[in-house]
1. Could you give the length gained on full extension between Glu47 and Cys145, defined as 0.36 nm per residue of separation minus the Cα-Cα distance, in nm?
2. What are the ³J(HN,Hα) couplings of the stretch 82-99, residue after residue, when phi is run through the Karplus curve with 6.51, -1.76, 1.60 and θ = phi - 60°? Round to Hz, x for glycine and proline.
3. Given a Förster radius of 22 Å and the C-beta distance between Tyr196 and Leu228 as r, what FRET efficiency does 1/(1 + (r/R0)^6) yield to the nearest 0.05?
4. What figure, in Å² to the nearest 10, do you get for the accessible area of Phe90 with a 1.4 Å probe and non-protein molecules left out?
5. For the stretch 221-238, take each phi angle, set θ = phi - 60°, evaluate the Karplus expression 6.51 cos²θ - 1.76 cosθ + 1.60, and give the result in whole Hz per residue in order, putting x for glycine and proline.
6. Check Ile38: other-chain or 5+ apart residues with amide H under 5 Å from its amide H, H built from backbone geometry?
Amino acid sequence: MNSPEIIDIQVDDVAISSKPHLMDLLLDAICVVNEEGIFLSIDGACEQIFGYMEHELVGRQMLELVYEPERQRTIQAVGRLMGGHLQYDFQNRYVRKDGSLVHIMWSARWYADRGIRVAVAREITKDRDEENTITTTLPPSTSKCWLLSGAPPSLTPPGHQPIALSTQDYLVLQVLASGEGVVSRKRIIAALGQDYFDYDQRRMDSQMRRLRRKVEQSCGLQLPVTTLRGVGYRFYDPVEVLL
């Protein structure tokens, strides 16, 4: 699954200026909060994602809705954002109005001159549920090499259960696994269907960090991909691609 793109929008002191009927078509929610984390406005898929109408959230503290075990991690991410780090793919869970949990992927930008954060929220609950299903229903691998499968997209470490992958994760690993030696960034970006010169190189770094973290959290192993600065990446363990 692709990360939600950073949307560089012109904002006034409290809201995003846009045509309401166009905002209703969005599958994501565009949230504006102040420096204290108070919702100033929410456009787009507010009710679909959070279960609340916009007027029910405006004026509320964002952190109140974050699933309690993940609040500290969220506070740390906000600190990095306000320190100048551009956020592309932070994930956490929110408690919906009906009490259920929703998995959200965030992209965000801090506008220091206006004292506001603008964030795009995308629901990924279905993707996370599918990942959990794959992990809990398939037996551990008996192969001595890593297995990369496209149906469904998953990476299976030797002696461990499959790790579900997003489409973007799979495409990146497929290029790395099919290459001999070092695979250039340009080749990976082309496989993602992006233009190399328009592509933000920081997204590739973020992608690889997220993949490494996913593998380590799932099985305790390190993803066998090494980075050659300024050149590309190399998958250095044996890997078999299953179509």
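The values are calculated or read from the model by the stated rules, or taken from the named source; none is laboratory data. Keep in mind the model is a prediction, meaning the values are calculated, not measured. Cβ coordinates were reconstructed from backbone atoms using ideal geometry, including for glycine residues, and neighbour counts include every protein chain displayed. These accessible areas exclude ligands, DNA and RNA; they are computed on the full protein's heavy atoms, side chains included. Shrake-Rupley method; radii C 1.70, N 1.55, O 1.52, S 1.80 Å.
1. Roughly 30.8 nm would be gained on extension.
2. Running phi through 6.51 cos²θ - 1.76 cosθ + 1.60 with θ = phi - 60° gives 6, x, x, 7, 7, 9, 10, 9, 6, 10, 7, 10, 10, 8, 6, 4, 7, x Hz.
3. FRET efficiency, Tyr196 to Leu228: 0.80.
4. 30
5. Rounded to whole hertz, the list is 9, 8, 5, x, 10, 9, 9, 9, 3, x, 10, x, 9, 9, 8, 9, 9, x.
6. Amide H to amide H, under 5 Å and 5 or more residues apart or across chains, Ile38 pairs with Met62.
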